[in-house]
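The structure appears right after this line, and notes come after that.
The values are calculated or read from the model by the stated rules, or taken from the named source; none is laboratory data. Everything numeric in this text was worked out from a predicted model, so none of it was measured. Glycine gets a Cβ as well: all are built from the backbone with ideal geometry, and neighbour counts include every protein chain shown. Ligands, DNA and RNA are stripped out before the accessible areas are found, and what is left, the full protein with its side chains, is counted by its heavy atoms. Shrake-Rupley method; radii C 1.70, N 1.55, O 1.52, S 1.80 Å.
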Amino acid sequence: FTCHVKKKDEWYSMKYFHVPLNIGACVICHDPHSSEAPYSLIKPVWDLCVSCHNDKSSGEHIIAGYIRNKQHPTHGVPDPLRKGKELTCASCHEPHASNSPKLWRLDAGSGFELCKKCHAE
């Protein structure tokens, strides 16, 4: 964090942390020298996330407990909240730290609150 002191302070003020951040292992996800992917990631976002969280690639985790026998896309479709961007894991989850459980974005306190950010009731 020598070069990213402000980010360190911001992230460590949060309640929940992604394990690589918490152990200071930024290079699990980032290439500090160069990369073809945005944010100096070692792979595109979705590919990177599922390289560790491969059980989440089907999208079943998103609708578990809400809808039976269906899947929710985790990539390959437009992101409804970010025009011109593809849906990825980072559409719903903060990749570093969050005040919401499961590193949810958008100040969601529950999975249902997160769903309502894109889907009407």
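Among the residues of segment 14-52, the one identified as in a loop (DSSP other than H, G, I, E, B), without any contact (Cβ under 8 Å) to a residue 40 or more places away in the chain, within 21 Å of ASN99 (Cβ to Cβ) and open to solvent by 80 Å² or more (accessible area, probe 1.4 Å) is ILE23. Restricting segment 1-12 to residues that are in a loop (DSSP other than H, G, I, E, B), free of Cβ contacts under 8 Å to residues at least 40 places away in the same chain and of a type outside the set (Val, Ile, Thr), the residue that is surrounded by the most Cβ atoms within 10 Å (Cβ to Cβ) is PHE1.
Take the conditions (1) in contact with an Asp or Glu (Cβ under 8 Å, 6 or more places away or on another chain); (2) part of a loop (DSSP other than H, G, I, E, B); (3) open to solvent by less than 90 Å² (accessible area, probe 1.4 Å); SER58 misses just one of them, which is (1). Determine, yes or no, whether ILE62 is hydrophobic (A, V, I, L, M, F, W, C) and under 15 Å from the mean Cα position of the chain (by Cα). Against the criterion (hydrophobic (A, V, I, L, M, F, W, C) and under 15 Å from the mean Cα position of the chain (by Cα)), ILE62 qualifies. Selection over segment 78-106 of residues that are open to solvent by less than 50 Å² (accessible area, probe 1.4 Å) and over 19 Å from SER51 (Cβ atoms) gives a count of 6.
Yes or no: GLY109 surrounded by fewer than 13 Cβ atoms within 10 Å (Cβ to Cβ), among the small types (Gly, Ala, Ser) and over 23 Å from TYR12 (Cβ atoms)? Outline the logic, then answer.
Details: surrounded by fewer than 13 Cβ atoms within 10 Å (Cβ to Cβ): yes; among the small types (Gly, Ala, Ser): yes; over 23 Å from TYR12 (Cβ atoms): no.
So GLY109 fails the test.
Give the residues of segment 62-116 that are touching a residue at least 60 places away in the same chain (Cβ under 8 Å) and either among the charged types (D, E, K, R) or not in a loop (DSSP other than H, G, I, E, B) (or both), sorted by residue number.
GLU94, ALA97, SER98, PRO101, LYS102, LEU103
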